[in-house]
Amino acid sequence: LVNIGDNDRAALLQQLMIVQSFSPKVIGLDVTFLSQKNPEVDSVLKAMLHADVPVILTSNIGYEENDKAKKDFLLETNNPYFEKGKDEGFGNFLAEEGETVRYYSPKLIKDGETIYAFTSKIVQAYDSTLLDILFSRNNKSEIINYKTNSFPKLDVSDVYGSADLSFLRGKIVLMGYMGPSFSQ
């Protein structure tokens with residue numbers, strides 16, 4: 001787990017480049033790039049999103065305010081400049097604000113098209129046979145079995161430091177916001 005903190009896009013790009021240099025199997029980047037900003041930074045970022053190490057981005061599920069039954073969802077994807085198509089998955093959980101999430105949907109259907117969860121796309125990039133096993137159960141939702149968190153966590157400064165990150169090789173790396181820093 002890698003905290004991106006309050007990084008601006010240039011700092012996030014630098015962090016992503018460092019993580020990619022240690023050859024993880026797949027990176028799940030829990031960020032949605034809704035607009036273009038700095039052309040120089042954005043062009044390098046786009047290249048890094050399409051580098052050898054697969055980077056999965058998030059899209060978001062939303063609903064119209066008048067859809068009280070939450071039957072028809074909207075999908076907010078990345079700006080077309082960054083859009084990854086098959087390498088995006090919805091990252092938000094379908095639960096009420098503040099609730100503990102106990103279940104999640106590994107995929108949804110919209111207008112006859114399958115929309116995959118962020119986690120499903122990460123698993124698919126890591127080992128597609130594992131995703132086949134998950135989908136063979138034919139469950140609309142899956143239970144999240146919370147266990148003691150024993151995953152290594154890297155704070156923003158850990159990535160920029162001189163720490164040996166070779167343990168990332170061949171692993172799934174999740175990058176996202178976990179607060180400004182672990183000390184705050």
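The values are calculated or read from the model by the stated rules, or taken from the named source; none is laboratory data. Fair warning: this is a prediction, and the values are worked out from it, not measured in the lab. Quick reminder, even Gly has a Cβ in these numbers, built from the backbone with ideal geometry, and neighbours come from all protein chains shown. Ligands, DNA and RNA are excluded from the accessible area calculation, which covers all protein heavy atoms including side chains. Shrake-Rupley method; radii C 1.70, N 1.55, O 1.52, S 1.80 Å.
Quick notes on this structure:
- The combined condition, being acidic (D, E) and within 20 Å of the chain's Cα centre (by Cα), is not fulfilled by E99.
- Residue match in the range 65-85 (condition: among the small types (G, A, S) and either touching a helix residue (DSSP H, G or I) at 6+ places or on another chain (Cβ under 9 Å) or modelled with pLDDT of 95 or more (or both)): no
- Residue ID - least open to solvent (accessible area, probe 1.4 Å), chosen from residues in the range 1-30 that are within 20 Å of V156 (Cα to Cα) and charged (D, E, K, R): R9
- Residues located in the range 117-162, provided they are out of contact with any Pro (no Cβ under 6 Å at 6 or more places or on another chain), in contact (Cβ under 8 Å) with a residue 40 or more places away in the chain, crowded, with 16+ Cβ neighbours inside 10 Å and among the aliphatic types (A, V, I, L, M): I122, L154, V156, V159
- Criterion (in contact with a strand residue (DSSP E or B) (Cβ under 7 Å, 6 or more places away or on another chain), of a type in the set (V, I, T) and within 30 Å of N145 (Cβ to Cβ)) met by exactly one of V101, V55, V123: V55
- When the range 31-48 is filtered for residues that are among the acidic types (D, E) and either open to solvent by 30 Å² or more (accessible area, probe 1.4 Å) or without any contact (Cβ under 8 Å) to a residue 24 or more places away in the chain (or both), only E40 remains.
- Within the range 163-180, the set of residues being at pLDDT 90 or above, surrounded by 10 or more Cβ atoms within 10 Å (Cβ to Cβ) and among the small types (G, A, S) comprises G170, G176, G179.
- Residue within the range 49-60 that is open to solvent by 20 Å² or more (accessible area, probe 1.4 Å), without any contact (Cβ under 8 Å) to a residue 40 or more places away in the chain and within 26 Å of Y103 (Cα to Cα) present: yes
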